[in-house]
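Input: a single structure, listed below in structure tokens.
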């Protein structure tokens, strides 16, 4: 295995899940039964309850990570491979929303990404819309 041991991955998952629960407790649950994707709501999930921003950076900016506990930050820094730059479509290897949804729900094999089972289906749909927005923004920036 890489530099990060299985125990380290488990600990990272525990730290991130615990911090995600704290964040989720601060936010009110979205109980609406809408089916349309809303990228702005997805942004709020990405930067909040989803805890995606812990590793991928605030608004997908890898260089803008939130302030986390020192041990959590250290574990993220040891991830090999490191978290992917979601704003650079050239380095993304999950090509469909179905693949992305599976990685979010089940974790991403071969990486430190752990499963997120706290997102509602609507939050997942909204987050996928936000990820599409990040790819489009990155596409225009990286041309």
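Does the stretch 9-28 include one or more residues that are part of a loop (DSSP other than H, G, I, E, B) and either surrounded by fewer than 17 Cβ atoms within 10 Å (Cβ to Cβ) or at pLDDT 95 or above (or both)? Scanning the stretch 9-28 turns up at least one residue that is part of a loop (DSSP other than H, G, I, E, B) and either surrounded by fewer than 17 Cβ atoms within 10 Å (Cβ to Cβ) or at pLDDT 95 or above (or both). Any residue in the stretch 105-117 that is part of a helix (DSSP H, G or I) and free of Cβ contacts under 8 Å to residues at least 40 places away in the same chain? Yes, that holds for at least one residue. Here residue 130 fulfils each of the conditions (1) at pLDDT below 90; (2) under 14 Å from the mean Cα position of the chain (by Cα) apart from (1). Just a yes or no: is a residue in the stretch 69-77 in a loop (DSSP other than H, G, I, E, B), at pLDDT below 95, within 14 Å of the chain's Cα centre (by Cα) and within 18 Å of residue 111 (Cα to Cα)? No, because not a single residue in the stretch 69-77 is in a loop (DSSP other than H, G, I, E, B), at pLDDT below 95, within 14 Å of the chain's Cα centre (by Cα) and within 18 Å of residue 111 (Cα to Cα).
When residue 106 is tested against (1) crowded, with 20+ Cβ neighbours inside 10 Å; (2) over 26 Å from residue 140 (Cα atoms); (3) out of contact with any helix residue (DSSP H, G or I) (no Cβ under 7 Å at 6 or more places or on another chain), exactly one condition is not met: (1).
The values are calculated or read from the model by the stated rules, or taken from the named source; none is laboratory data. Bear in mind the structure is a predicted one, so any value in this text is a computation, not a measurement. Counting neighbours? That spans all protein chains shown, and the Cβs are built from the backbone with ideal geometry, glycine included.
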